[in-house]
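The values are calculated or read from the model by the stated rules, or taken from the named source; none is laboratory data. Note that the coordinates shown come from a computational prediction; the quantities given were computed from them, not determined experimentally. Note that we place each Cβ from the backbone using ideal geometry, even for glycine, and neighbour counts take in every protein chain shown. The protein model used for the area step is the full one, side chains on, heavy atoms only, and it has no ligands, DNA or RNA in it. Shrake-Rupley method; radii C 1.70, N 1.55, O 1.52, S 1.80 Å.
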Amino acid sequence: MSAGRGMGAGAGAGLGRRHFMGVAAVGVAGLMVGDGAPAQDRRLRGAPQEVTPDGTGSPSTRRPLFLGTYTSQEGGGTGVGLGAYDTARGLITATGVVAGVADPSYLALAPSGRTVYAVDEREEGGVTALALPPGGAPPKVLGTQSTGGAGPCHLSVHPRGRWLLSANYLSGSVAVHPIDPESGALGERADVVAHTSPPPGPGQDGPHAHQIITSPDRRHVLAVDLGNDTVYTYRLDESAGRLTQVSYASLRPGAGPRHLTFHPSGAFAYLANEVDNTLVVCGYERRSGRLTPGAPQSTGTGAGTNYPAQILVTRNGRFAYLANRGHNSLTRYAMEAGGARLRLLDTVPVGGDFPRGIAFSPDERLLFAANQKSGTVTVFSVDAATGALARVGEPFAAPMPVCVLPV
């Protein structure tokens, strides 16, 4: 699952994925300030705002940030959280909330920058579009469409901006929705495909689609299924929005693949395996779309219980970072041989509990970690030369953050 989804044997039963952690209520410390927030604190879009200089005298810029949460759990939020961050210092400030979006546990920005999409991770799954008006007006909900499955936990926008792809964790299926080119609103579902084979892995009760992304060459769509220990490769008919499976890659039984990220060259991909606590380098064949998984590698977290979550790769292809929810750390890797090898450098304490979603700022000078159990977002500065991480300031308090989207 997404918020702790799929963690260990049998974790896919019912909606137990989201309730697995038994998270205690956390302080709501300002982020979800509701519709009553002062108008000047609810500005979001438009040109980045120049603010006061940082400690070195350099000018700072505020840019928007969105937070995904669970609305159906105690201690969760009331919708999509809105904030702004200082690009020089990493300081986050609260700016409001888009209320009424149900369990928005994963968020994605359209290539146009004018729309944010959220999953509605519920039994009757949905995807919701939020328009980001110019000039700083608050985001506007454009509507919700059914994903045709249960518990959607991931979505992505096809690079050409015409289709939204989503993964239904509980029902083990992936869906496609058309995007209106003018408004960014979603149309009725164009396709839904269930993962019926191979059979589930050890301890799993069925397929559990956890992620769906487009390859860098735009030739293929890849869906990661934790329950089947499989990555499926599809071709997307960009006229009709239909998916056709062309290949699949099997991981070792019980791996529990969760999250896939490509090298900038497109020749390799890196797969975080949630259940067996490993990372795998995969070769990617452009013509067929087939992945070839390599040997499992260490996450650097030792023998204790750990659930690897999201992996990030720098645009220059030099470094990768992995969020470790059990170890409460970020693993740093150096990329070698053009991305064919990863060398473990270190693990850095995240300063929070259960880092679920991680994301770079657009310039990759900052890395944000959403810590689900502690109800905080930690910010790190990223050294471009060494890839080293240094924590910036104190963690920002937010209600059960599970996804962070700085733009």
Rolling a 1.4 angstrom probe over the protein heavy atoms, how many square angstrom per residue are accessible across the stretch 187-340? 36 Å²
Suppose the chain between Glu124 and Arg162 were pulled fully straight at 0.36 nm per residue; how much longer would it get relative to their current alpha carbon spacing? 11.3 nm
Per GNM of the chain with C-alpha springs under 10 angstrom, the most fluctuating residue out of Thr378, Thr69, Thr314 is Thr314
Calculate, for Ser288 and Glu394, the FRET efficiency according to 1/(1 + (r/R0)^6) with r their C-beta to C-beta distance and R0 56 Å; round to the nearest 0.05. 0.70
Once exposed loop GluC sites (Glu not before Pro) are cut out (DSSP; at most 14 other Cβ, 10 Å), longest piece of the chain: 286-363
Looks like the stretch 248-371, by Cα gyration tensor root eigenvalues a ≥ b ≥ c and the a/c under 1.5 rounded cutoff (else prolate when a/b is bigger than b/c, oblate otherwise), is oblate
Could you report the stretch 137-177's accessible area per residue, 1.4 Å probe, as an integer in Å²? 28 Å²
What is the packing order of peptides 75-81, 326-332, taking the mean over residues of other C-beta atoms within 10 Å and listing the highest first? 75-81, 326-332
What length, rounded to one decimal in nm, is gained on full extension from Asp205 through to Ala137, with 0.36 nm per residue of separation minus their alpha-carbon distance? 20.0 nm
Per GNM of the chain with C-alpha springs under 10 angstrom, the most fluctuating residue out of Gly100, Gly241, Gly227 is Gly100
Apply 1/(1 + (r/R0)^6) to the Cβ-Cβ distance of Ser146 and Ala240, taking R0 = 30 Å, and write down the FRET efficiency to the nearest 0.05. 0.95
Once the piece of chain linking Ser197 and Ala385 is laid out straight, how much longer is it, given 0.36 nm per residue of separation minus the C-alpha distance between them? 63.3 nm
In the stretch 163-259, the trypsin sites (Lys or Arg not before Pro) that sit in a DSSP loop and have at most 10 other Cβ atoms within 10 Å of their own Cβ are none
Would you work out if the chain is rounded, prolate or oblate? Take a ≥ b ≥ c from the square roots of the eigenvalues of the alpha-carbon gyration tensor; rounded if a/c is under 1.5, else prolate when a/b is larger than b/c, oblate otherwise. rounded
For the Arg218, Arg343 Cβ pair and Förster radius 25 Å, calculated FRET efficiency rounded to 0.05 is 0.25
